[in-house]
Structure formats: C-alpha cells, structure tokens
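A short worksheet on the structure shown next.
The values are calculated or read from the model by the stated rules, or taken from the named source; none is laboratory data. Since the model is a prediction, treat every value here as computed from it, not as a measurement. Cβ sites come from the backbone with ideal geometry, for glycine too, and all protein chains shown count toward neighbours. Protein only, heavy atoms only, side chains kept; ligands, DNA and RNA dropped before computing areas. Shrake-Rupley method; radii C 1.70, N 1.55, O 1.52, S 1.80 Å.
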Amino acid sequence: MDDTGEWHTLDAVEVVKRLGSSIDNGLSSGEASRRLRVYGLNIIESRGGKRLYRIVLEQLLNLFMILLLVATVIAFLVGETSDAISIIAIVCVMITAGVVQEYRAEKALEKLKSLVIPKARVIRDGVLQEIDSRYIVPGDILVLQEGDRIVADARLVESSNLYVDESMLTGESLPILKKASTVLERNTPVADRVNMVYSGTYVVRGSGKAVVVATGMDTELGRIARMVVEASRFERTHLHKELDKLAKQLGSVIVGIAVLVLSLVIVLGIANPVDALLTSIALAVAAVPEGLPAVLTMILALSVLRMARRRALVRKLGAVEALGRVTVIATDKTGTLTRNEMTVKKIWLPEIGFLNVTGSGYLREGFIEVSGRVYKYGDLRQLDLLVEDAVLCNNASVDYNAEHPKPVGDPLEAALFVLGYKVGLDPIEYRDRFRRVKEIPFTSERMMMSVVVEGDRGYIVYSKGAPEVIVSKSRHVLTSHGVEKLGEDMAREILAYAEEMASKGLRVLAYAYKVVEEIPSDEDVEEDLVFIGLTGLIDPPRPEVPDAIKKAIEAGIRVVMVTGDHAVTARAVAEMIGWPLEGKRVVTGSELDEMSDRELEEVVEDVAIFARVSPEHKLRIVKAFKKRGHVIAMTGDGVNDAPALKLADIGVAMGLRGTDVAREAADLVLQDDNFATIVAAVEEGRTGYYNIRKATLYLLSANMAEVILVLSSILLLREIILTPAMILWINLVTDSIPAITLGLEPPEPGIMRIKPWDLKPLLGKTGLLYLGYIGVVLALLSWSLGRLPGTSIAAYSTATYLGLAIGELAHSFNMRSPGKSLLEIGLFKNKYHIVGYLVGMFASIAPLYTIPWLLRAVSLPLTTLLLIILLAHTMIVVEEVRKRLLTNIP
C-alpha cells in the first residue's frame with residue numbers, strides 16, 4: 001500500500017485505488033481484520049494519569065510520613081530500637097496500602113475513560129455498518145453526517161454542503177466548507193486542506209463520504225499527542241475541593257493538638273522526649289484524613305461504574321454529586337419517553353384520504369391498504385411519489401443482519417426506509433438507480449430536508465419535513481387528476497388533517513417534490529414545490545416511563561417535556577404516559593419567541609410541555625430554570641443542542657440517536673436513550689453522594705476518637721495510653737477498607753422520597769456535633785474496656801487499643817445509614833462491608849498473638865479478648881438507641 005502522506009494532492013478516485021478500497025463497497029470484513037493487525041487499534045495513546053513510581057513517591061514524600069521517619073531515625077540513635085522497628089514496619093505497610101488504594105483509584109478512572117467510545121458509520125462488504133471507532137483501518141469508507149465526530153484522517157470522496165469544525169486542530173473558529181472534488185498543491189497547510197477531514201474534528205453541517213488514510217497515532221491528532229504529554233484525567237470535583245479544604249483545616253487543628261500533646265508529655269514528665277515526639281507525630285498522621293480524597297475518588301468511580309451497569313455513562317466525576325441535587329429534568333420526547341421504534345401507521349393523500357399501514361418496528365413485513373384493498377408500487381401515482389420521497393430523501397437504513405432489525409442512522413428515517421418494502425420496493429436497489437447530486441440537510445431551525453437526484457426523468461427534488469413548513473414551500477399539489485395549484489382552502493385542509501393525526505399521538509411528516517431541468521442552486525432547491533401527502537408515525541411510549549415519572553415526582557423533581565414535535569402530539573403522548581399536566585401550561589416555540597427572558601422566568605414554573613422548540617429555545621429554558629435556583633438536567637441529541645447541554649447542571653446526551661457533538665458536550669450519556677435511565681442515574685447520584693458522606697463522617701469520627709482518647713489519657717491518667725505503633729495500626733486497619741466498602745452501600749430505602757433541598761450537607765453543624773459525640777463515646781468505651789485485664793499498664797494499653805479498633809469497626813455498621821436502623825436497611829445487604837469488617841477484625845487481633853512486639857502489646861487471655869469484642873459492639877446498640885430518639889443527627 002502506497003502511503004504517501006500527501007493524499008490531498010491526489011484525485012479522490014486515485015486515493016481509493018491506492019488504498020485498495022471501493023467507494024461503493026468499502027473493504028471486505030476479512031481485509032479490515034488483516035489491516036487491523038497491521039496498523040493496530042485506532043486510538044490515541046494516553047499518557048494521562050499517574051505512573052506507579054509517582055504514586056509511590058507521593059506516599060513517601062508526604063509531610064507526615066517524612067516527620068515520622070525522621071522521628072524514627074532519632075529513636076534509633078537514642079537506643080529506642082524496638083519502637084523504631086515497629087514504626088518502620090507499620091509505615092511500610094501504610095505506604096503499601098496507600099499505593100494500592102491510589103493505584104486502584106487511577107485504574108478505576110482509566111476504566112471510566114474507556115466507557116464512552118465513539119461509533120463510526122462505515123461501508124464494509126457493500127453494507128453500511130456502525131462500528132466502534134477503535135476498529136477503523138486505512139481504506140475504510142466513512143459515511144459522514146451532521147453531528148458526527150470524525151474518528152480518523154480521511155480523504156473526501158463525496159461531499160454535500162459539508163462544513164467541519166476544525167477549531168481543536170487548527171484554531172480556526174469558523175466551520176470549514178469541505179470539497180471532495182478539489183485537488184491541492186503539495187505544500188498546502190493542514191488548515192487549508194479542504195479535501196481532507198481529520199480525527200477529532202466534527203461535522204457541523206451537510207454530509208459526505210471519505211476514505212480513511214491514517215488512524216491512531218499516525219493521524220494529525222496523534223502527531224500532536226506525541227509532542228505533548230496528554231494528561232486528560234477526570235476533573236477534581238467540588239467535593240474534592242471541599243474535602244481538601246476540610247482536610248487542611250483539620251490538619252491545622254490536629255497539628256496544634258499534636259504540639260500540645262508533645263508539650264504536655266514533656267512538661268509533665270510522662271515519657272521521654274523521643275516517645276513524646278513519636279506519639280505526637282503518629283497522632284497527627286492517624287488523625288489527619290490525608291487519604292480521604294483518594295477514598296472519595298474511589299467511591300465516585302464506583303458510583304460511575306454502577307451507573308454504567310444501569311445504562312448511564314458518566315463522562316465527568318462531578319456529575320455524580322450534581323445528579324443527586326437535580327430539581328428539574330427537562331427531557332425530549334422521541335426515544336426518551338417513547339421506544340424510538342418508529343413505524344409509519346397512516347398515510348394521507350389529497351382527494352384519496354387515509355391509507356392504513358400494517359406491521360411494526362423495522363420489520364419488512366406489512367402492507368398499505370384501505371377498505372381491504374392493498375396498494376403496491378405502481379398502483380397509485382401519489383403513493384408512488386410519496387414512497388420514493390420517503391426512501392430517497394433519507395440517509396438511514398436498517399441492519400437486518402443483526403439479531404433484531406437495527407436502525408442505522410436516524411430511527412425516524414429508518415422507518416421511512418422500511419415503508420419501501422411494504423409497497424414491494426427494494427429501497428437499497430431503488431437508491432442505486434438514482435444518483436444523489438445535492439442535499440440540503442435537515443436542521444432544527446429549517447425543520448425540513450431536501451435532496452436532488454438524477455434519474456430517468458432528469459433531475460428531481462424530493463423534500464420532507466414539518467407539515468406547516470412543507471406547505472409554506474409548496475405552490476402546487478398532486479391530486480388524482482394531476483398537478484394543481486395549491487389554494488388557501490387546500491392548504492388549510494392539509495394542516496387540519498396533520499393536526500388530526502397529531503392529536504392521536506402520531507409524528508406527522510409532509511412530503512413534496514418538483515422536476516427540474518438542471519441542478520438548482522441552494523436558494524432555489526426548496527421553492528415552488530408540489531405537495532404530495534402526509535405520513536403519521538407512531539412511537540409507542542416506553543412501558544417503564546410512567547413509574548419513572550412517578551418516582552421523580554416523589555423525589556421532589558419537576559419533569560418537563562421539551563420537544564420539537566407539534567404541541568398536540570406532545571400532549572397526546574403525555575396523556576398516555578401519565579405526565580403531570582393538571583394546572584400546567586403547554587408553551588410553543590412561537591410563544592417563546594414573543595416572550596422576554598424575564599417573562600419566561602415568571603412562567604417557567606407553570607409549564608409542563610415546551611413544544612415545537614429549537615435548540616436556541618432550549619438554551620433559554622435552561623437559563624430560566626437556573627435563574628429560578630433550580631439544578632437542571634437537560635437532554636439533547638443534535639449539534640445545536642451542545643450549548644444547552646453545556647449550560648445545564650447535567651447535560652444528558654442520547655447514546656443511540658445522539659450526535660457525537662452532543663455526547664462530547666454532555667455530562668451523562670444514555671446508552672438506551674431512556675427517561676427511566678435518567679431517574680435511575682439520579683438515584684445512583686444520591687446514593688453516591690450519601691455514601692461519600694457516610695465515609696467522610698466515619699473517618700473523621702474515628703480520628704476524633706483517637707485524638708480524644710490520647711489527649712484525655714495524658715491529662716487524666718498521666719499516661720500515654722496508646723503507643724505510636726498502636727495509633728498508626730488502628731488508622732491502617734480501621735480507615736481505608738471500611739470507608740471504601742461504605743462507598744458500595746446500595747440505595748437506602750426512601751432515598752428517592754427525599755426532596756433535593758432536604759439532602760444533608762457533607763458535614764454541616766449537625767455533622768460536627770455528631771463527630772464530637774461519636775469521638776467521646778468511642779473514647780469512653782475504649783477507656784472502660786482497658787480496665788478489663790487488670791492493672792498492668794501493658795495489658796491496659798493493649799485492651800484500650802483493641803477496644804478502640806473493634807469499636808471503630810463496629811461503628812462502621814452504624815455508618816451504613818446514619819439515620820436508619822441497621823435492621824431496617826438489612827445487615828447483609830452490603831456483602832463487601834461484611835468482608836471489609838472481617839478483614840479489619842483479623843488485622844486488629846492477629847498482631848497481639850503473632851508479633852506483639854510490633855505494637856508493644858501483650859497477648860490477652862481468650863476470655864478477655866472475646867469480652868472486649870462483645871462489649872466493643874455496644875457501639876451499635878448506642879447508635880440504635882440514638883437513631884430512635886434523635887433521627888435528625890447527623
């Protein structure tokens with residue numbers, strides 16, 4: 001294969017020939033597989049994230065770890081060898097645990113990046129297919145449409161009004177008009193290569209075909225990636241920043257307490273200065289929640305992976321917390337509230353009336369009939385032209401090689417493609433008969449699409465779109481008597497029939513055509529058309545949507561329908577699925593145009609449906625709700641929806657029918673385009689937020705107990721009741737594992753009955769009060785349990801250590817729900833927590849009987865051990881009583 005790297009200097013046909021491909025048939029599957037082995041996956045190799053050695057260095061160079069190591073060296077020098085060895089051993093274990101935890105968090109983030117992989121439409125084996133962009137190879141024929149992300153460098157072979165946004169590659173802010181027919185000079189810069197398209201750019205308008213010339217790191221984007229270190233990681237969320245701030249504040253307080261402990265020990269002569277220094281630093285290391293950000297990242301990543309299992313792909317970690325606070329879901333209708341299995345059910349033709357269309361979904365079976373008479377292609381001129389229009393003014397098809405017929409392209413256009421089979425026409429063969437020479441693509445502003453094709457009768461323009469738009473562009477109408485002038489009465493009659501079809505929940509499209517002698521200019525294509533007829537398509541509501549709507553309303557979330565459909569159609573569908581319409585308004589796009597932003601803000605709370613809206617209207621709707629103080633999730637699928645998706649607190653893109661531009665702008669991508677998945681994501685968002693809150697309260701309350709116990713023992717007993725090694729070991733075995741398993745807690749009962757404004761803050765005043773309360777209770781419990789073995793200071797210290805460690809592990813069960821009884825949420829609902837608890841229990845007890853020197857502890861009699869374990873679990877009883885009496889804490 002002759003890879004010149006200067007494909008822009010060659011004619012399109014020559015490029016295809018050199019790459020051993022075919023414009024019409026593409027590569028064979030076998031050849032594509034062979035080339036994939038040669039060229040590798042079509043991916044940009046990421047250097048983002050942290051390498052293992054960096055994670056290890058960060059753990060070693062932690063300020064507290066350095067202080068601890070320095071103090072340990074001092075201990076060696078003054079002869080405190082046993083303490084120094086113990087602390088060195090524990091520090092090694094702590095660093096190892098920290099590295100493992102951080103590394104797993106990094107791997108979780110990497111896994112999240114791989115969840116959203118762009119798709120690409122290619123022609124292989126002569127069939128239009130949709131495949132993962134990773135498997136694109138040189139020679140593949142890409143089929144490009146508005147909103148597509150271009151996934152490889154390619155030479156255009158066909159283009160129709162094709163505009164590409166190359167700002168991310170060239171810095172050019174305006175879309176570039178691309179032309180397949182152009183041949184350029186060798187030294188033409190990348191920004192001026194109008195016959196090429198490049199990986200990472202976007203189709204803003206129009207359509208085309210291109211043959212792939214470079215993939216992966218051989219693309220222009222790959223060359224740039226080689227020159228810079230790509231560090232695209234998930235962003236630090238608001239929660240990360242909040243916890244960082246909290247950790248710094250607590251760190252200042254804890255360091256102050258550590259200095260106080262050191263001063264008291266020295267002044268009171270309780271221990272030698274080295275022991276005092278080791279204890280103070282160990283206390284600071286244990287009490288400062290420096291691992292909390294890593295735990296937070298892990299919990300957020302686990303929440304995102306759990307959402308992915310429910311068909312919701314989160315592109316940004318910050319979306320997890322925002323989802324939990326959503327107060328408004330503004331959703332599209334087609335495919336989100338409905339199945340997105342469009343089927344033509346009715347056809348209306350002037351003077352003929354309604355024809356029925358049988359069959360369902362994308363199955364080829366079915367026919368067109370009225371009063372028992374079945375119509376085939378050739379029986380009725382009006383019907384023939386309407387079906388021709390539906391098949392040719394169309395960029396979609398259906399993949400019948402899949403297990404179930406699957407639309408390739410827009411589902412609505414796929415339903416029109418199927419209509420050809422129902423009159424005995426083969427849509428693929430019919431398209432081959434007519435060469436398309438021009439396309440004016442559909443946009444949400446124009447509400448119509450047109451193509452110019454060359455056939456046996458010269459050039460024909462076919463148009464389809466919203467009835468009111470097509471009627472306004474038509475000057476004539478096709479009747480059973482031929483082409484007649486379209487008068488006002490007939491125009492009103494057409495729109496009345498369209499309204500009647502819409503009132504029955506049908507999606508209505510109108511069709512028109514004209515025959516021309518030469519290819520018209522873009523300005524003239526859609527003028528002086530001949531109206532043909534109407535089709536009514538049904539998209540059945542999803543059966544799970546009514547329950548999802550009810551669940552959202554119970555959660556205090558407003559649901560608003562925002563659709564480009566006719567208001568009558570939107571209302572009909574809304575009534576089918578139990579949409580809350582009582583006392584609410586339906587506002588159309590034309591009404592929005594007459595409202596100022598201030599007026600929209602005043603009425604937005606009373607609107608249930610926004611119909612016939614454009615992407616600009618969506619942007620205004622988002623702004624209005626945000627001005628009213630709402631946290632809004634907005635759905636979108638088109639190129640022009642990107643601004644609204646970016647502005648919304650949660651932009652929700654469609655994974656099945658959405659454009660790549662919309663997906664890139666969104667925070668959440670629905671793999672099934674289902675409204676119920678949005679509600680499920682909100683539930684997971686709330687669960688994730690509360691799990692983070694539980695882990696935070698657990699870690700801080702355990703740390704508080706350690707500080708209170710050590711400080712009070714110095715002041716009241718004139719003893720350092722816990723050795724430095726004990727403090728560090730408790731921190732190691734009772735912090736990370738239970739905190740992470742709390743992040744795996746399933747949704748609490750009733751979590752979707754909490755209003756968004758009633759969600760508890762991460763800490764707040766009640767949280768601070770709770771930390772102090774738990775710290776005191778745990779310290780008192782540990783202190784009391786220390787008395788069990790007798791008067792030996794070593795036994796007292798060991799029992800206190802064990803009471804605190806087991807008490808904290810028992811308390812982790814309380815934190816599974818700070819407000820609800822353990823019996824209510826189910827003891828065994830979180831199996832991971834049981835495992836974490838047992839691991840922590842073993843790690844707390846094992847050193848006492850295997851390596852007691854590590855903690856400077858003694859082995860306790862078995863009866864004492866069992867008694868301490870039993871009594872330490874009274875922490876659960878204490879909290880169960882508190883939950884009965886004071887449910888508002890924390």
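Per-peptide packing, taken as the mean over residues of other Cβ atoms within 10 Å, places 777-783, 572-578 in the sequence 777-783, 572-578 from highest down. The Cα atoms of region 631-730 define a convex hull whose projected area, averaged across directions, is 9.7 nm².
Between the listed residues P615, G636, V652, the Cα displaced farthest toward the positive end of the dipole of region 607-659, a dipole computed from Cβ unit charges relative to the Cα centre, is found at P615.
Only the Cβ atoms of Lys and Arg (+1) and of Asp and Glu (-1) were treated as charged; on that basis the dipole of the chain about its Cα centre amounts to roughly 3180 debye. The length gained on full extension between K755 and S712, counted as 0.36 nm times the residue separation minus their Cα-Cα distance, comes to 11.3 nm. Ranked by the mean number of other Cβ atoms within 10 Å per residue, highest first, peptides 866-878, 485-497, 639-651 order as 639-651, 866-878, 485-497.
Counting charges near V211 (Lys, Arg +1; Asp, Glu -1) among other residues having Cβ under 11 Å from its Cβ returns a value of 0.
Calculation over all alpha carbon pairs of the chain in 20 angstrom steps from 0 returns a P(r) of 13, 36, 28, 17, 6, 0 percent.
Here the simple spin-label model places points 7 Å from the Cα toward Cβ, and for V190 and T479 these points are separated by 6.1 nm. With each label modelled as a point 7 angstrom along the Cα→C-beta vector, the D11-R381 pair spans 4.2 nm. Across the chain, the mean sequence separation of Cα contacts (distance under 8 Å, 6 or more residues apart), normalised by length, yields a relative contact order of 12 percent.
Mean residue ellipticity, 222 nm, helices only, the chain: the sum of -39500 (n - 2.57) across DSSP H runs of n ≥ 4, divided by residue count and rounded to 500, is -15000 deg cm²/dmol. Remark on region 371-416: ratio of C-alpha radius of gyration to 2.2 N^0.38 Å is 1.40. What size of dipole, in debye to the nearest 20, comes out for region 359-431 about its Cα centre when the only charges are +1 on Lys and Arg C-beta atoms and -1 on Asp and Glu C-beta atoms? For region 359-431, the charge dipole is close to 180 debye. Mind giving me the FRET efficiency for K627 and I224? R0 is 60 Å, r the Cβ-Cβ distance, nearest 0.05 is fine. That gives a FRET efficiency of 0.90.
Let me know the number of lysine pairs in region 751-890 closer than 19 Å at the Cα, not counting same-chain pairs under 8 apart.
7
Taking a span of 24 Å or more along the helix axis (Cα atoms) and a mean Kyte-Doolittle hydropathy of at least -1.0 as the rule, the DSSP H helices of the chain that qualify are 81-113, 238-268, 292-309, 675-712, 764-785, 793-814, 831-850.
What's the center-to-center distance, using Cα atoms, between region 619-678 and region 506-539 in Å? Value for the Cα centre distance between the two parts: 31 Å. According to the calculation over all Cα-Cα pairs in region 565-721, the P(r) per 10 Å bin from zero is 10, 26, 29, 11, 8, 8, 6, 2, 0 %. Taking the charge dipole of region 676-776 about its Cα centre, with +1 at Lys and Arg Cβ atoms and -1 at Asp and Glu Cβ atoms, the residue from L715, L768, P749 reaching farthest to the positive side is L768.
Comparing region 537-627 with the 2.2 N^0.38 Å rule of thumb, its C-alpha radius of gyration ratio is 1.09 (two decimals).
Among the lysines of region 442-563, pairs that are 8 or more positions apart or on different chains and have alpha carbons within less than 24 Å of each other number 8. Think of the chain as having a plus end and a minus end, set by charges on the Cβ of Lys, Arg, Asp and Glu; of L416, G40, L19, G40 sits farthest toward the positive end of this dipole. By definition, a body whose alpha carbon gyration tensor gives a ≥ b ≥ c is rounded when a/c is under 1.5, and region 580-640 falls into this rounded group. Per-residue packing, averaged as other Cβ atoms within 10 Å, sorts the ranges 296-309, 323-336, 803-816, 509-522 into the order 803-816, 323-336, 296-309, 509-522, beginning with the highest.
Here, region 326-464 yields an orientationally averaged convex hull projection of 11.1 nm² when only Cα atoms define the hull.
So in the chain, what percent of DSSP beta bridges are antiparallel if you round to the nearest 5? Roughly 75 percent of the beta bridges in the chain run antiparallel, per DSSP. Please label the shape of region 459-525 as rounded, prolate or oblate, based on the square roots a ≥ b ≥ c of the eigenvalues of the alpha-carbon gyration tensor (a/c under 1.5 means rounded; beyond that, a/b larger than b/c means prolate, else oblate). Prolate shape, in that a/c is at least 1.5 and a/b is the bigger ratio.
Would you mind calculating the gained length between E575 and L174 on full extension (0.36 nm times residue separation, minus the Cα-Cα distance), in nm to one decimal?
Between E575 and L174, full extension yields 140.0 nm more.
Residues C393, C92, ordered by accessible area of protein heavy atoms at a 1.4 angstrom probe radius and largest first, appear as C92, C393.
If R0 is taken as 56 Å, the Cβ-Cβ distance between A402 and F842 corresponds to a FRET efficiency of 0.65.
Annotation: V839 carries an accessible surface of approximately 70 Å², with a 1.4 Å probe and no ligand, DNA or RNA atoms counted.
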